[in-house]
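Down below is the structure, laid out as structure tokens.
Derivation of every value follows stated rules applied to the coordinates shown; laboratory data play no part. If you're wondering where the values come from, they're calculated on a predicted model, not measured in any experiment. Every residue, glycine as well, gets a Cβ built from its backbone with ideal geometry; the counts of neighbours run over all protein chains shown.
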Amino acid sequence: MPGLSDAEMREFTESVRGSLRRVWPTARMAGEQGAFPVLEEIWRLAAAQGWTALAADRSLDAVMAAAAELGQLACPFPLLDIYVAAELFKSLPAVADAITAGEIRPVIASGAPSGFRFVEAAPAATHVLALSDTGTARLWPISGTTPTGGLAMPAWSDVSVACTAVAEADAGAEAIEEARTLYRLGLAARAIGAAARAVELSIDHARNRVAFGKPIGAYQAVSHRAVDGATDITATRLLIDEAVTAYARGAGTWTLAAELAVEFGAKAAADAQFGAHHTLAATGYFEEHDAPWLFRRANADVTQLGNVTPAAGSVIDRLIEEDLSLPALELGGDAEEFRAEVREFIRPFRTDDPFLHLNAEANEQFNAAAIAQGYLTMSWPAEFGGQAASVQKQAVLTEELAYNKLALSGKAVADMGGIAIIRHGTAEQQQRFLPLMAQGALKFYLGYSEPEVGSDLASLRTKAVRDGDEWVVNGRKMWGTGAHTADWVWLAARTDPDAPRPQAGITLFLTRLNRPGWEASQHTALSGEVSCSTFFDDFRVPDTDRVGEVNGGWKVITEALTQERVNMAGSSAVMLRQLDDLLALVRKDAAGTVGARGSAERARLSRIAARLQASRVLANASLRAYESGAGSRLEAPMGKIVAGHLMEDFSRAAVQILGPAGALGEQVPGVPGGGVFEYGLRLSIMYVVAGGTVDIQRNLVARALGLPAR
Ligand SMILES: Cc1cc2nc3c(=O)[nH]c(=O)nc-3n(C[C@H](O)[C@H](O)[C@H](O)COP(=O)(O)OP(=O)(O)OC[C@H]3O[C@@H](n4cnc5c(N)ncnc54)[C@H](O)[C@@H]3O)c2cc1C
């Protein structure tokens with residue numbers, strides 16, 4: 001496969017960074033009078049160091065890495081233009097060689113030879129590269145340039161050219177379309193590089209600048225802004241990587257993957273750049289700082305995207321018109337082989353149900369077959385009858401079930417409770433609980449939240465007091481999902497009110513409910529499911545039901561959060577299915593639902609599709625990083641932030657685009673999507689709130705970025 005190894009890539013990036021900084025030391029260079037001559041110098045350097053030859057072995061990964069480095073320095077050196085020109089003229093070796101040698105210095109321009117406008121870096125170039133819809137690429141010798149002042153610094157130019165093109169390549173319409181996509185991907189990479197640098201500077205500033213007695217980074221208005229910028233930047237980089245990998249593999253979907261990265265990255269770059277400015281405030285608003293130059297670069301590159309648009313249309317145009325879904329993402333290792341196995345396994349159980357209710361019971365035959373197949377306990381170690389499956393394989397199963405709207409009863413209990421019992425339970429508990437869990441026959445509800453306790457779980461108040469071989473529990477638990485049908489509770493209680501840290505005084509129990517002193521009262525959620533307030537009144541729990549050490553419950557609770565990553569993959573799969581279902585509806589009457597190309601509805605859905613792909617790449621990155629122990633502090637909470645907000649925005653968009661009919665419930669015959677979008681809208685808030693709210697996730701990312709807690 002073409003492209004560089006990790007080590008080669010690191011070496012290449014460092015060499016580009018070092019060489020660039022010698023001649024273009026900071027972003028402020030963009031405002032210097034001598035910027036164009038320096039660009040010419042960089043061109044000589046690029047030819048000498050082989051950056052101009054990267055098209056020869058299709059090293060798009062290296063080009064994108066270099067584009068991001070250029071963005072960090074607000075430097076508009078046209079590396080993508082060179083790559084594209086060399087690629088298009090490969091059938092004319094003399095021209096391609098001259099491009100590689102830096103003798104022909106091409107810059108992409110749209111417009112006609114009578115006057116090319118908005119041309120980047122033109123005074124440092126020798127030729128304009130014009131891409132025609134009919135499939136021809138032409139190189140026109142530049143005869144004059146007039147810099148046009150404005151946002152871009154150094155300025156774009158109006159360019160006049162000699163009356164005949166020096167070279168013409170009949171590359172074909174497909175190659176021209178690919179060239180445009182490459183160029184757009186490069187613009188996104190450079191813009192995101194500039195924005196990333198601005199966010200980095202804003203985080204440094206937030207750590208050090210003090211206001212009202214504390215570093216400004218301790219204010220959530222500031223830290224959450226930085227987190228949002230960093231999240232968008234991380235997601236864009238991952239989307240670009242996906243596109244580059246697909247390109248290197250020659251996958252037919254690479255252009256769609258690239259347009260998803262561009263769609264997401266363009267907004268991400270502009271938003272992150274503004275966010276960084278808001279934090280830098282006056283300090284970053286004056287030209288002595290790098291930020292204004294990064295601002296100009298990021299926004300100029302984003303604007304330039306409108307100048308070179310793909311004939312195939314926007315992301316949503318392609319999804320609708322070419323009957324596509326979002327490009328598949330791979331989890332690596334043996335996970336994809338397992339996906340094929342799971343798909344085969346679930347084929348006979350596929351359902352026509354429009355969606356899966358959150359509290360849906362599994363189809364009995366399916367559940368029995370899945371248990372026999374070992375899926376319920378696949379996360380358990382082999383000595384406990386499991387398959388020691390990697391988190392990637394677990395995620396594959398979760399994704400496939402979610403996409404195909406199939407419930408697997410007892411899976412959450414086996415994953416969370418089973419693993420905790422294996423790690424922290426006694427041998428007796430393992431013998432007592434694990435066989436029940438392995439059959440999906442142990443139903444517990446989660447007894448964490450309380451009337452005064454949600455996010456701040458460590459401050460829980462439900463008390464358990466030791467009395468001989470038993471514990472006496474008093475207190476109230478809230479929002480216990482499924483408590484009205486459960487036989488057991490997974491209960492966190494305070495066993496040491498005087499512990500030095502609140503986390504140190506909590507103990508965990510897995511215990512039966514069929515004893516005196518427990519009552520439940522039901523609440524119906526906005527989504528229709530039932531959760532319960534549960535009351536513990538001198539409720540006695542045998543010590544043999546204690547999981548882990550006395551006062552050691554916090555460890556059990558936090559370890560179980562690993563499962564969140566696998567669940568996140570499931571959330572993305574639910575959204576992917578809803579997007580596919582929505583697209584199927586739209587295709588029946590595109591004009592009536594989303595209008596023609598360029599409509600506001602289409603723009604809205606393009607953005608949603610790109611955000612969904614962003615959420616999927618973040619979830620995958622957190623799963624990939626799991627084995628190395630990384631990712632939990634960045635990609636995992638970032639993925640949850642993106643997925644949570646997206647679920648709300650997607651559901652809202654779907655219902656609004658479908659109009660009042662979209663707001664009808666599943667019980668109404670003929671309702672669009674069988675009511676999935678209406679249900680999805682009511683359910684969507686849960687993705688933001690439950691399992692650690694998005695604000696709490698932002699706090700986690702803020703700490704990982706080095707921002708102070710207080
Ligand atoms: C559908 C559903 C099912 C649930 N099922 C269960 C269950 O089975 N068992 C169970 O124990 N619990 C369950 N919960 C409760 C869930 O775990 C809590 O809702 C969640 O932990 C948030 O707690 P809270 O609702 O009390 O909000 P709070 O913690 O009171 O937060 C209120 C607001 O303040 C913000 N906030 C709080 N602290 C901070 C901070 N430090 N920084 C910034 N912002 C902050 C939050 O983000 C939120 O916007 C369920 C909730 C829902 C919606």
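Take every Cα-Cα distance within segment 559-629, group them into 5 Å bins from 0 onward, and report for each bin the whole-number percent of pairs it holds.
Calculated over all Cα pairs of segment 559-629, the distribution is 3, 15, 20, 19, 13, 10, 8, 6, 4, 2, 0 percent.
Over segment 291-423, what lengths in whole Å, largest first, do the semi-axes of the equivalent ellipsoid take, defined as the square roots of 5 times the eigenvalues of the alpha-carbon gyration tensor?
Equivalent ellipsoid of segment 291-423: 41, 21, 14 Å, largest first.
Rounded if a/c is under 1.5, else prolate if a/b is larger than b/c, else oblate: which is segment 31-189, with a ≥ b ≥ c the root eigenvalues of its Cα gyration tensor?
Since a/c stays below 1.5, the shape of segment 31-189 is classed as rounded.
From the P(r) of segment 372-423, can you give the percent of Cα pairs sitting at distances over 15 Å?
For segment 372-423, the fraction of Cα-Cα distances above 15 Å is 43 percent.
So what's segment 535-594 giving for Rg/Rh, alpha carbon basis, Kirkwood Rh from the mean inverse pair distance?
1.41
Any idea which of G374, F355, F384 is furthest toward the positive side of the dipole for segment 277-421, if Lys and Arg beta-carbons carry +1 and Asp and Glu beta-carbons -1?
Ranked along the dipole, the leading option is F384.
Mind ranking 215-225, 253-263 by how tightly packed they are, going by the mean number of other C-beta atoms within 10 angstrom, highest first?
253-263, 215-225
Between rounded, prolate and oblate, where does segment 42-132 land on the alpha carbon gyration tensor, with a ≥ b ≥ c its root eigenvalues, rounded for a/c under 1.5, else prolate if a/b exceeds b/c?
It comes out oblate by the Cα gyration axes.
Excluding same-chain residues fewer than 8 positions from K443, which lysines have a Cα within less than 19 Å of its Cα?
K411, K477
Given a Förster distance of 45 angstrom, what is the FRET efficiency for T309 paired with F286, based on the Cβ-Cβ distance and rounded to 0.05?
The calculated FRET efficiency here is 0.80.
If R0 is 45 Å, what FRET efficiency do you get for E383 and E8 from their C-beta distance, rounded to 0.05?
Calculated transfer efficiency: 0.60.
Just want the answer: with Cβ charges of +1 for Lys and Arg and -1 for Asp and Glu, which residue in Y247, S314, P292 is farthest toward the dipole's positive end in segment 235-325?
P292
Report the convex hull volume per residue for segment 492-649, counting only C-alpha atoms, in Å³.
It is 178 Å³ per residue.
Enter the angle in degrees (range 0 to 90, nearest 10) between the Cα long axis of helix 254-280 and the first principal axis of the Cα atoms of the chain, meaning the one along which they spread out most.
Helix 254-280 sits at roughly 80 degrees to that axis.
Provide, as a two-decimal number, the C-alpha radius of gyration of segment 144-189 over 2.2 N^0.38 Å, N being how many residues it has.
Taking N as the residue count of segment 144-189, the ratio is 1.55.
Nearest 10 degrees is fine. How inclined is helix 391-403 to the longest principal axis of the chain, computing both from alpha carbons?
Computed tilt is about 90 degrees.
Any idea what angle helix 694-704 forms with the longest principal axis of the chain, computed on alpha-carbon atoms, 0 to 90 degrees, nearest 10?
70
Could you rank the peptides 17-30, 351-364 by their average count of other C-beta atoms within 10 Å per residue, with the highest value first?
Per-residue Cβ counts within 10 Å, averaged per peptide and sorted highest first, yield 17-30, 351-364.
For segment 604-667 and segment 389-404, what is the separation of their C-alpha centers, rounded to whole Å?
Taking the Cα centre of segment 389-404 as reference, the centre of segment 604-667 is 17 Å away.
Using 18 Å as the cut-off for backbone N distance, which residues of segment 489-526 belong to the label zone defined by a point 7 Å from the Cα of D469 along Cα→Cβ?
510-512, 515-516
Using the Cα centre as the reference, give the magnitude of the dipole from point charges on the C-beta atoms of the chain (Lys, Arg: +1; Asp, Glu: -1; all else neutral), rounded to the nearest 20 debye.
Once rounded to the nearest 20, the dipole reads 1340 debye.
Please state the charge dipole magnitude for segment 617-701, taken about the Cα centre, from unit charges on C-beta atoms (+1 on K and R, -1 on D and E), reported in debye and rounded to the nearest 20.
For this selection, approximately 160 debye.
Let me know the charge dipole size of segment 284-429 about its Cα centre in debye, to the nearest 20, where only the beta-carbon of Lys, Arg (+1) and Asp, Glu (-1) is charged.
Dipole magnitude for segment 284-429 comes out near 220 debye.
To one decimal place, what Kirkwood hydrodynamic radius in Å is obtained for the chain from all pairs of distinct Cα atoms?
Hydrodynamic radius (Kirkwood, Cα only) of the chain equals 27.8 Å.
Using alpha carbon centroids, what distance separates segment 338-364 and segment 155-228, in Å?
Value for the Cα centre distance between the two parts: 42 Å.
Which log10 I(q)/I(0) values does segment 1-97 give at q = 0.12, 0.19, 0.22, 0.23 Å⁻¹ under the Debye formula, counting every alpha carbon as one identical point scatterer?
So the normalised log intensities work out to -0.38, -0.91, -1.15, -1.22.
Considering the dipole of the chain built from charges on the beta carbon (Lys and Arg +1, Asp and Glu -1) around the Cα centre, which of L612, W51, G333 is farthest to its positive end?
Positive-end residue among those listed: L612.
Within segment 55-73, whose backbone N sits under 17 Å from a point 7 Å along Cα→Cβ of D204?
Flagged as within label range: 69-73.
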